[in-house]
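The values are calculated or read from the model by the stated rules, or taken from the named source; none is laboratory data. Predicted model only: the values in this text are computed from it and were never measured. All Cβ positions, glycine included, derive from the backbone under ideal geometry; neighbour counts span all protein chains shown.
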Amino acid sequence: MIDQAGIMMAQGKKIACERIQGINDNMVKSHYHEYFELYYLESGERFHMLQDEMYKMYPGQFMIFAPYSMHRSFGDQNMPFKRLVLYFAPDKVLSEELRSILEAGAGVYKPERQEGLFVHRILCEILEEQKNPALLSEEYMTNQLNSLLLRTVRNLEKPERVKKLDRIGEVLHFIHTNFDKEITLEQLSQTFYLSPYYLCREFKKHTNATIIQYLNVTRIMNAQRKLLETNQSITEISRETGFSNITHFNRVFKNITGISPSQFRKQI
């Protein structure tokens, strides 16, 4: 399924909304982007893998994914669904404190009916404004976005986090917290008391990626954040994200993002 809102963001939009419905439309691997995502489920049921945690969503519930957080969505076989997705750049959140709360607020928001209707109405209004822009359209969408986010943070309970990890979830958690160190299949097998064959098979089943592929994406995701948020040299960043040498870092970075680290920093 084509992500039209994602295309709009790639073309320079700061806010983009889209409604999609489908069946058996499952992401085959986790991904991340440089902006926030609000995913509101209108009908059906969906699973979301966020970093190393699994969530299940029902109609009227939503999640907010922070920039550079690995996630993917999928559903049960032949389960139709309809969702609204809202992408927005971090600088469209007008309060630094609000932005920090949203970045830490992973999980499923489960609003009561009144609050859920408010969230849905604002999303629909943003989508309608996108389709039929009027005077000060961007300012209007920015205002509606921040109204939605403020009300979410003030009126809704902080989303409940998944507490129990299965064995592969523990492996994923280990990767996300130790990506800056050397990680090998043998080390993971010994740490989690799993045979290399079983670990590789189950990891691929959960993530649709090999351990090396997932580890590299996690490292590059964190390298992008450092390129955006710090003045560290590219050599320092490569070392702090687990790469043994700058040549390997440059090659993996370009393979995953399509551009070199220096090109990525210049476009900021």
Given the options I183, I212, name the one that is surrounded by 14 or more Cβ atoms within 10 Å (Cβ to Cβ) and not hydroxyl-bearing (S, T, Y). I183
Would you point out which residue out of Y87, Y68, Y58 is in contact with a helix residue (DSSP H, G or I) (Cβ under 6 Å, 6 or more places away or on another chain), surrounded by fewer than 20 Cβ atoms within 10 Å (Cβ to Cβ) and of a type outside the set (S, T, N, Q)? Y68
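Out of the strands (runs of 3 or more DSSP E) lying entirely within the range 1-114, which hold 3 or more residues that are over 12 Å from the mean Cα position of the chain (by Cα), at pLDDT below 90 and farther than 25 Å from E202 by Cα?
Values: elements: 15-23, 36-43, 46-50, 53-57, 62-65, 71-74, 80-88.
Output list reads 15-23.
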Spans of helices (runs of 4 or more DSSP H) in the range 204-268 with at least 2 residues closer than 25 Å to F36 by Cβ and under 20 Å from the mean Cα position of the chain (by Cα): 211-229, 246-257
Checked T241, T218, T230, T257 against criteria (β-branched (V, I, T), loosely packed, with under 13 Cβ neighbours inside 10 Å and at negative phi); the one match is T230
Might you check whether a residue that is part of a loop (DSSP other than H, G, I, E, B) and surrounded by fewer than 17 Cβ atoms within 10 Å (Cβ to Cβ) occurs anywhere in the range 116-127? no
Residue list for the range 115-144, filter: at pLDDT 95 or above, farther than 16 Å from R83 by Cα and touching a Ser or Thr at 6+ places or on another chain (Cβ under 9 Å): E129, Q130
